[in-house]
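The block underneath contains the structure these notes are about, expressed in structure tokens.
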Amino acid sequence: MFKLAKPTLVAAAVSASLVAGAVNAGESFGFGRTATAEEIAGWDIDVRPDGLGLPVGEGSVLDGEGLYEEKCAACHGLFGEGEGRWPVLAGGKGTLAQERPTKTVGSYWPYASTLYDYIYRAMPFPAPRSLTPDETYAISAYVLYLNDLVDEEFVLTNENLADVKMPNEPNFFVDPRPDVNNTRCMTDCADPAAMQVTGSIGGVTPVGHFMEGADGPAASHEAQHELEKKMEQERLKELGVEVEEEEASSGPAALSEAALAGKATYEQACAACHGMGIAGAPKVGDKGAWEARIAQGMETMVNHAINGFAGDAGMMPAKGGRSDLSDEAVANAVAYMAESSQ
């Protein structure tokens with residue numbers, strides 16, 4: 001296990017000059033342009049363990065509780081226990097030496113700055129970078145509270161975050177082994193056909209690496225979700241509990257031109273939630289979940305998707321958090337989901 005140190009000021013200055021030189025060189029060939037200070041500031045959001053890089057702000061455990069329940073609990077559970085296959089955030093103390101440790105913020109992470117940094121740049125899952133610094137401080141404070149690292153009156157700020165000491169910090173160290181280069185194989189090489197390539201689906205937590213006999217043998221996050229749901233239904237049936245079967249859609253005979261155009265947008269931007277029914281999102285193909293929504297009319301559904309909507313079952317961020325999508329692309333994706341769920 002190792003951690004990477006921040007470059008020195010001299011190294012950082014040299015790196016910056018090299019990057020600037022590369023960009024300017026691009027301009028001389030007629031492509032690209034030099035990034036503005038505002039554009040650089042938008043990406044310069046990394047935070048160091050000593051607090052360097054934190055924006056000015058604060059957030060209390062009390063404020064973080066409500067924000068966490070609204071924006072995080074659907075995936076991570078009300079108490080950080082995790083929902084389905086989504087990451088567990090709290091607990092796991094004393095498990096790192098076990099065969100199957102529970103790696104959480106409290107049991108494994110070395111620095112509180114990592115918690116703030118990850119939440120700010122990547123959460124909530126449907127709408128990353130939508131949290132303000134104060135909201136991020138508050139949610140971070142609440143997650144620390146769930147791990148018994150701070151008390152319920154604690155207020156996390158840019159000035160005291162570096163003072164929060166994580167239990168597992170001493171077990172992280174700089175790897176002293178030198179860098180090495182592998183020698184290219186030229187004879188008696190492994191057969192590519194016998195190699196197993198693993199990966200993730202749509203950026204969601206990968207489970208394709210699990211083997212038969214492990215606790216998650218499905219080939220994708222969505223398939224794992226379906227597998228666990230099926231196993232739970234079978235368990236309930238054995239106990240004599242009546243299980244309501246999901247009313248699946250047989251699918252339309254043919255999709256409209258708009259729906260066909262929206263399939264790619266759905267797969268890239270919508271499937272993460274609508275493919276698995278996360279946070280109250282109606283699952284594509286579930287006729288019962290879409291029936292009432294379709295009855296509202298396409299105009300209403302598209303308006304909710306573009307501008308955002310909060311209902312009894314959950315909330316839909318504007319454009320699913322993908323502000324880069326055009327209104328037309330979102331409308332086409334809605335057409336694809338609705339027509340595939342009739």
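Computed from the coordinates by the stated procedures, all read-outs in this text should not be read as laboratory data. This structure is a prediction, so every number in the text was calculated from the model and none was measured. Quick reminder, even Gly has a Cβ in these numbers, built from the backbone with ideal geometry, and neighbours come from all protein chains shown.
Neighbours of Y336, meaning other residues whose beta-carbon lies under 12 angstrom from its beta-carbon, give a summed charge of -2 when Lys and Arg score +1 and Asp and Glu score -1. On full extension, the segment bounded by D50 and N303 gains 86.6 nm, given 0.36 nm per residue less the C-alpha separation. Site pair E244 and E152 shows an inter-label distance of 3.5 nm when each label is modelled 7 Å from Cα along Cα→Cβ.
Once you've got the Cα coordinates, tell me which of K93/K230; K93/K229; K229/K287; K103/K263; K103/K319; K229/K319 are over 26 Å apart. Pairs exceeding 26 Å: K93/K230; K93/K229; K103/K263; K103/K319; K229/K319. With a simple spin-label model that places each label point 7 Å from the Cα along the Cα-to-Cβ direction, the separation between A295 and R100 comes to 4.3 nm.
Return the whole-Å distance between the Cα centroid of segment 301-335 and the Cα centroid of segment 41-118. Here the answer is 27 Å between Cα centres. Residue ranges 281-292, 299-310 sort as 281-292, 299-310 when ordered by packing (mean number of other C-beta atoms within 10 Å per residue, highest first). Ranked by the mean number of other Cβ atoms within 10 Å of their residues, highest first, the peptides 182-191, 102-111 come out as 102-111, 182-191.
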